[in-house]
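Novice: Attaching a single structure in structure tokens format; questions to follow.
The values are calculated or read from the model by the stated rules, or taken from the named source; none is laboratory data. Owing to the predicted nature of the structure, the values given are computational and were not obtained by experimental measurement. Cβ placement follows ideal geometry from the backbone for every residue including glycine, while neighbour counts extend to all protein chains displayed. Note: areas computed on protein heavy atoms with side chains; ligands, DNA, RNA excluded. Shrake-Rupley method; radii C 1.70, N 1.55, O 1.52, S 1.80 Å.
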Amino acid sequence: MTSLQVLNLQLPPGTLGVNIQEAADGTCLIVSKIKDTSPFHVGDTVLSLNGTLFDLYKQAEWVNTIRASAQSGTRTVVVRRRHTIPANAPTEVHVRVASPKPKTKPAFTSPAVSGSKNTR
């Protein structure tokens, strides 16, 4: 079973530290890491860079867009990351929520009765 996660990465100027290629579905796939410090994982799909959607482009255009952004300051890269969930992972999670303790009411005190008559 696979889980998907979309991440917004804020990256400093410089190279991304990865190699990319066009996946069978036409998306920009990270196929290897050049730098160990790269925040990407092999298998991540790059969805956009600084708001430019990569699904509109092909590989040569991705490379040009990435290279042009290398010295442009902080960059926002949105990636889709797949997580494989082990077959033996629990499919249900049971959570027990304790009921809040009931609040105790203050002891009842009778209000002073106004206008009471004192009989002697």
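Novice: What number goes with the only condition from (1) at pLDDT 90 or above; (2) more than 16 Å from Ala68 (Cβ to Cβ) that Ser48 does not pass?
Specialist: Here Ser48 meets the rest and fails (2).
Novice: Is it fair to say Asp44 is among the acidic types (Asp, Glu), closer than 25 Å to Ser3 by Cβ and open to solvent by 90 Å² or more (accessible area, probe 1.4 Å)?
Specialist: On the way: among the acidic types (Asp, Glu): yes; closer than 25 Å to Ser3 by Cβ: yes; open to solvent by 90 Å² or more (accessible area, probe 1.4 Å): no.
No: the conditions fail for Asp44.
Novice: Oh, and also: Just to be sure I understand, how many residues within the range 34-88 are in contact (Cβ under 8 Å) with a residue 40 or more places away in the chain and under 16 Å from Glu22 (Cβ atoms)? I'd like the intermediate steps shown before the answer.
Specialist: Taking the range 34-88 as the starting set, the residues that turn out to be in contact (Cβ under 8 Å) with a residue 40 or more places away in the chain are 41, 47, 62-63, 66, 70-85, 87.
If we keep only those that are under 16 Å from Glu22 (Cβ atoms) as well, we get 47, 62-63, 66, 79-80.
The total comes to 6.
Novice: Out of everything in the range 3-22 that is within 13 Å of Gly43 (Cα to Cα) and touching a Ser or Thr at 6+ places or on another chain (Cβ under 6 Å), what residue ends up being surrounded by the fewest Cβ atoms within 10 Å (Cβ to Cβ)?
Specialist: For the range 3-22, the residue satisfying everything is Asn19.
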